[in-house]
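Have a look at the structure below, then the notes.
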Amino acid sequence: MGLAQSYKKNVFCLEGDWQKDMRDHSSIGAALTFLQQNLGINYIYKQCGTRENLEYYLSLWKLKKYANYSIAYFAFHGKPESIQVGKEFVTLDELGDMLHDSCHDKILHFGSCKTLNTDEKTIKRFLEATGALCVCGFETEINFVESSAFDMILIEMFQQYKDIRMLDKAITKNYRSFTRRLQFKLFYL
């Protein structure tokens, strides 16, 4: 129906290895810390360099003790219908299989380039496979800083709404130029 159980939604973030140079400290972690320190939004943050890491952390996230971490934030490089985990790509269908019907009352956000650059049928199949309230992300190449700023706004907005339809309207109304430039999309059943 598109209604969250509560307003308070903590973040479960999985982030890929952005750079091949291990001295590079690029990470979404600072944005999550900002949200926690300023808005009280708790988070779990893990880096994933392999498909096995991804599957392992997703299996842990399914445990009842993490039920209030209802926003999954996938911060990876991407291409249409996929996220890059290490050297390989994991498709939305594969991710749907990993999450199989475990995302009731959860929001899935892809902070990655082009992952949602696909047809609506693929997105609906992913939503049905996972049971998620909604899935959102970008259809195009995105700038890391600009998209990270938008992601923080989005996570804060998730706290204000239970009804995904109302959230969608508020995002469109208040951040129209941002969503157009980033080609942000939000889907729900």
Problem - Relative contact order [Cα under 8 Å, 6+ residues apart], the range 1-126, whole percent - result: 29 percent
Practice task
Give, as ranges by residue number, the residues of the range 68-90 whose backbone N falls under 13 Å from the point 7 Å along Cα→Cβ of residue 47.
Solution key: 86
Practice task
List 140, 130, 118 from most exposed to least, where exposure is judged by having the fewest other Cβ atoms within 10 Å.
Solution key: 140, 118, 130
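With an 8 Å cut-off on Cα pairs and a minimum separation of 6 or more residues, tell me the relative contact order of the range 99-189 in percent.
Details: 123 pairs, mean separation 32.0, N = 91.
Normalised by residue count, the contact order of the range 99-189 is 35 percent.
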Handout entry: Of (1) 1, 8, 16, 21, 20, 16, 9, 4, 2, 1, 1, 0, 0, 0; (2) 1, 8, 18, 23, 24, 17, 7, 2, 0, 0; (3) 1, 8, 14, 18, 15, 12, 10, 8, 6, 4, 2, 2, 1, 0, 0, the label for P(r) over Cα pairs in 5 Å bins from 0, in percent derived from the coordinates
Key = (2)
Practice task
Could you go through the range 68-82 in sequence order and give the Karplus-derived ³J(HN,Hα) for each residue, using 6.51 cos²θ - 1.76 cosθ + 1.60 with θ = phi - 60°, rounded to whole Hz, and x for Gly and Pro?
Solution key: 7, 8, 9, 10, 8, 10, 9, 9, 9, 6, x, 8, x, 6, 8
Handout entry: Amide proton proximity set for residue 12, modelled H, under 5 Å, gap of 5+
Key = 44, 71, 72, 73
Fill in the blank from the handout: Note to self, the chain gives a 222 nm [θ] from helices alone (DSSP H runs n ≥ 4, -39500 (n - 2.57) apiece, / all residues, nearest 500) of -11500 deg cm²/dmol
Exercise for the section: Set the Förster radius R0 to 30 Å, insert the Cβ-Cβ distance between residue 7 and residue 88 as r into 1/(1 + (r/R0)^6), and round the FRET efficiency to 0.05. Expected result: 0.20
Handout entry: Simple Cβ-charge dipole of the range 83-129, Lys/Arg +1 and Asp/Glu -1, about Cα centre, in debye nearest 20
Key = 200 debye
Handout entry: Rg/Rh (Cα only; Kirkwood hydrodynamic radius) as it applies to the range 36-91
Key = 1.01
Exercise for the section: Would you please give the residues with an amide H less than 5 Å from that of residue 48, counting only those at least 5 places away or on a separate chain, with H modeled from the backbone geometry? Expected result: 15, 16, 17
Exercise for the section: Mind checking which lysines have their Cα closer than 21 Å to the Cα of residue 114? Skip sequence neighbours fewer than 8 apart in that chain. Expected result: 20, 79, 87, 124, 185
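Computed from the coordinates by the stated procedures, all read-outs in this text should not be read as laboratory data. These numbers were taken from a predicted model, which means no experiment stands behind them. Every residue, glycine among them, receives a Cβ derived from its backbone with ideal geometry; neighbour counts consider all protein chains shown.
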